[in-house]
């Protein structure tokens with residue numbers, strides 16, 4: 001139950017700034033995710049909080065206590081590792097009891113707390129088993145129980161689900177989220193999987209090359225990306241290069257791919273080069289004659305993905321553009337004759353061209 | 001890292017103790033050998049005369065040439081045997097494969113000069129086979145000199161090539177081979193263009209070890225060379241010989257030997273640094289389906305080679321129970337060889353057990369923390385330790401022993417004549433192995449285990465003691481037994497350093513060989529074999545679990 005504050009923390013490895021003056025405040029009981037591609041510094045940042053990586057400059061605070069000079073074993077964080085890190089030489093119960101024994105908790109109390117923690121992760125009665133008798137998902141539950149039982153100030157997750165298969169991953173992330181909410185613990189979660197981040201987090205920080213690109217709720221990060229990097233990293237989008245025209249009071253016309261798109265608000269000075277992001281699910285296939293803001297397209301390929309259908313279209317100048325629609329709706333709604341894509345000017349996001 | 005607390009003190013203490021130990025018992029003695037070789041013996045003036053004398057002497061040049069040629073031939077032959085055998089062991093469904101694998105690694109840890117002696121007993125002037133063949137009128141060529149030495153080196157050292165190459169073949173994912181076949185290549189073409197190049201670094205690394213070992217080995221040429229000059233033997237003679245003693249020349253030859261082995265070792269490191277073909281097999285590739293005749297041929301070849309290499313040791317044990325009349329064997333069984341060997345005293349046996357145990361314990365106690373520190377907490381100072389710790393590889397036992405004698409014969413620390421100097425020599429010689437096996441063990445322990453422990457509130461030092469050490473113990477015990485075994489059969493530095501009170505079984509055997517006690521030598525060799533084999537077989541299961549890392 002702690003707020004975590006990172007104040008301009010920095011860490012360099014050789015010539016690379018793995019973490020480059022990052023400042024963040026993580027609220028009490030918040031589920032906060034560090035998201036980014038490999039090498040963006042997310043794991044380094046997490047390890048700084050845990051105390052496995054020295055803070056070169058800046059400071060780390062738990063509440064009003066500065067902890068970056070505190071040795072790792074005195075920080076009272078509960079970390080869940082990517083490869084579970086279950087001690088192979090100890091039984092499940094001894095694994096979970098490990099932190100309690102280190103804290104000198106008395107034996108009777110350890111037994112009850114361990115059993116309770118195992119029940120919390122739905123492994124009641126597994127205490128006497130050996131780690132090699134457990135599956136990957138069960139091992140990760142043991143690791144979570146081991147971190148919870150010490151009643152840590154904060155929970156830290158280092159890509160805890162990446163060694164599990166896809167189905168189990170989805171199931172475990174729900175369990176992790178429910179546990180964290182019911183216990184009201186502050187959690188920092190590292191992942192490179194944007195869907196996982198969107199599903200599990202209160203807030204997300206998207207990291208790139210040691211810097212924070214954007215911090216916000218999953219909805220804000222997805223719907224209103226502040227940079228082209230965030231827009232592209234948070235799931236598939238169509239990026240169209242264009243040139244801004246004069247703002248007419250409600251929309252800005254942007255000349256892109258041989259057409260003019262209307263984007264809500266004043267996005268750039270007239271003549272400025274911009275990139276437009278159009279999410280596939282915001283586009284709708286209509287007949288060319290339908291009117292309203294739309295782009296003429298040709299259908300190239302239709303991919304049936306079960307719940308949705310992905311349509312690969314081409315603009316007249318050859319630029320590819322993808323559209324997602326709920327399956328069942330597209331076939332019925334496939335218009336006759338020339339096709340066009342209707343878009344909502346409010347859902348087009350413009351960025352300055354790089 | 002500041003946050004490491006006690007572990008930093010542990011790291012620094014380990015590094016400093018290890019560096020001090022190596023400086024005192026390795027670098028300082030080696031420096032004295034070098035200094036000795038650059039001095040005029042009478043006046044103590046700096047001179048290059050010892051080197052010019054050696055380099056202009058046809059005898060010593062011949063000695064150097066013989067050693068290098070024997071080493072090179074053995075290396076080539078060991079590779080020619082080792083690679084096909086490795087492929088059979090890795091990819092052919094052979095009968096009794098795991099027994100084969102165990103037997104194949106035995107020659108590495110059994111004393112090679114025993115194998116040489118077996119060759120003499122069987123094919124020597126008065127050998128069993130020689131006499132039998134002569135009786136029916138078949139003359140047999142001499143096995144003394146180059147041919148015998150190369151045969152023994154090949155048969156005892158080929159596991160150095162075999163073991164890493166087997167591991168190499170097993171590490172190639174079958175998909176690589178399948179993609180080659182899919183692209184239209186025959187099995188042989190895939191072997192030649194993909195499999196062989198991929199295992200080449202592992203094979204060459206092993207082959208260079210064969211070369212170094214063959215160059216440094218003292219026991220085998222001293223048994224088989226007769227009057228042919230060999231570097232390791234000549235160094236010993238020049239230093240300790242009664243008639244033609246010349247310590248300065250011994251020093252110069254030592255420098256030559258160390259320089260050659262060091263050069264080869266550097267070449268090996270340089271070569272390996274640029275080549276690592278890891279293909280990350282998820283599981284060992286399956287056995288190749290072979291037709292009956294081919295499978296039979298592979299089995300005969302594999303079992304033939306392995307049995308041939310183990311046969312000398314079996315022969316020695318059998319012969320030790322036969323009665324000798326002078327140098328000639330008779331077919332009467334009895335224990336009289338053992339009786340006459342042990343009539344003298346049990347002391348050599350006790351000495352061997354005691355010295356080897358002390359050496360194994362100390363080398364592990366010193367090597368394990370170094371291996372841990374080098375793997376987990378590298379600093380610039382421990383990087384230095386990494387380099388210095390590998391120097392004993394390049395220094396032959398004889399040269400190290402000469403250095404130790406020069407250093408600790410007088411002055412503030414006198415060790416000569418006691419047991420400690422033997423233990424020190426063994427510990428220094430076995431240290432690289434101890435360090436390597438410890439760091440291989442640490443590599444297998446996921447660092448996040450230690451981090452998890454620290455994260456749960458246990459200090460790093462306590463984590464090391466209560467978590468890491470118990471996790472390492474199994475592997476360390478296996479490594480310790482291997483050190484024990486090789487220390488018990490050590491000859492090349494023992495022969496220089498022993499005093500009569502601390503003569504070991506190897507010395508007893510060596511002396512029996514030099515004299516006329518062929519039967520006693522066989523008995524001593526057998527005792528040595530039993531004492532090395534039993535602990536090896538006891539930890540065999542442990543060995544298999546950690547297979548590659550321990551040898």
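The values are calculated or read from the model by the stated rules, or taken from the named source; none is laboratory data. Worth saying up front: this structure is predicted, and the values here are computed from it rather than measured. So basically every Cβ, Gly included, is an ideal-geometry build from the backbone, and we count neighbours across all protein chains shown.
Every residue, every condition in (1) under 24 Å from residue B:234 (Cβ atoms); (2) part of a helix (DSSP H, G or I); (3) outside the structural domain of residue B:222 (by TED's automatic domain parsing), yes or no:
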residue: B:52; (1), (2), (3): yes, yes, no
residue: B:69; (1), (2), (3): yes, yes, no
residue: B:80; (1), (2), (3): no, yes, no
residue: B:86; (1), (2), (3): no, yes, no
residue: B:105; (1), (2), (3): no, yes, no
residue: B:115; (1), (2), (3): yes, yes, yes
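Per-residue answers, yes or no, for (1) more than 24 Å from residue B:450 (Cα to Cα); (2) in contact (Cβ under 8 Å) with a residue 24 or more places away in the chain:
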residue: A:104; (1), (2): no, no
residue: A:130; (1), (2): no, yes
residue: A:137; (1), (2): no, yes
residue: A:143; (1), (2): no, yes
residue: A:148; (1), (2): no, yes
residue: A:183; (1), (2): yes, yes
residue: A:193; (1), (2): yes, yes
Item to complete: Give just the number: which of (1) over 16 Å from residue A:345 (Cα atoms); (2) surrounded by fewer than 20 Cβ atoms within 10 Å (Cβ to Cβ) does residue A:281 not satisfy?
Response: (1)
Fill in: Failed item in (1) within 14 Å of another protein chain (Cβ to nearest Cβ); (2) in contact with a helix residue (DSSP H, G or I) (Cβ under 8 Å, 6 or more places away or on another chain), with residue A:43 passing the rest
(2)
Discussion item. Residues that are farther than 30 Å from residue B:227 by Cα, at least 1 per element: which helices (runs of 4 or more DSSP H) completely within the range B:119-203 meet that?
Written reply: B:159-170, B:174-182, B:187-190
Worksheet item: What do you reckon, is residue A:264 surrounded by 16 or more Cβ atoms within 10 Å (Cβ to Cβ), over 26 Å from residue A:205 (Cβ atoms), in the same structural domain as residue A:312 (by TED's automatic domain parsing) and more than 24 Å from the chain's Cα centre (by Cα)?
Response: no
Fill in: Any chance residue A:121 is within 14 Å of residue A:93 (Cα to Cα) and free of Cβ contacts under 8 Å to residues at least 40 places away in the same chain
no
Fill in: Considering residues of the range A:88-111 that are at the interface with chain B (Cβ under 8 Å from one of its Cβ atoms) and surrounded by fewer than 18 Cβ atoms within 10 Å (Cβ to Cβ) only, the residue nearest to residue A:53 (Cα to Cα)
A:103
Worksheet item: Does the range A:157-173 contain at least one residue that is in contact (Cβ under 8 Å) with a residue 24 or more places away in the chain, on the phi > 0 side of the Ramachandran plot and within 14 Å of chain B (Cβ to nearest Cβ)?
Response: yes
Practice prompt. Answer yes if at least one residue in the range B:442-450 is over 18 Å from the mean Cα position of the chain (by Cα), away from every other protein chain (no Cβ under 14 Å) and in a helix (DSSP H, G or I), and no otherwise.
Written response: yes
Discussion item. Which of the helices (runs of 4 or more DSSP H) found entirely inside the range B:457-500 contain at least 3 residues meeting this: within 14 Å of another protein chain (Cβ to nearest Cβ)?
Written reply: B:460-463, B:469-488
Practice prompt. Evaluate the range B:409-424: report whether one residue or more is surrounded by 15 or more Cβ atoms within 10 Å (Cβ to Cβ) and free of Cβ contacts under 8 Å to residues at least 60 places away in the same chain.
Written response: yes
Fill in: In the range A:310-332, residue farthest from the chain's Cα centre (by Cα) [restricted to those that are surrounded by fewer than 12 Cβ atoms within 10 Å (Cβ to Cβ) and modelled with pLDDT under 85]
A:332
Discussion item. Within the range A:265-280, does at least one residue satisfy the condition of being assigned to a helix (DSSP H, G or I) and touching a residue at least 12 places away in the same chain (Cβ under 8 Å)?
Written reply: yes
Practice prompt. Kindly list the number of the only condition in (1) touching a strand residue (DSSP E or B) at 6+ places or on another chain (Cβ under 8 Å); (2) surrounded by 19 or more Cβ atoms within 10 Å (Cβ to Cβ) that fails for residue A:27.
Written response: (2)
Practice prompt. Scan the range B:310-345 for residues that are buried (at least 17 other Cβ atoms within 10 Å of the Cβ) and in a loop (DSSP other than H, G, I, E, B) and report the count.
Written response: 1
Discussion item. Just to verify a result, which residue in the range A:51-86, among those that are surrounded by fewer than 21 Cβ atoms within 10 Å (Cβ to Cβ) and within 8 Å of chain B (Cβ to nearest Cβ), is farthest from residue A:21 (Cα to Cα)?
Written reply: A:83
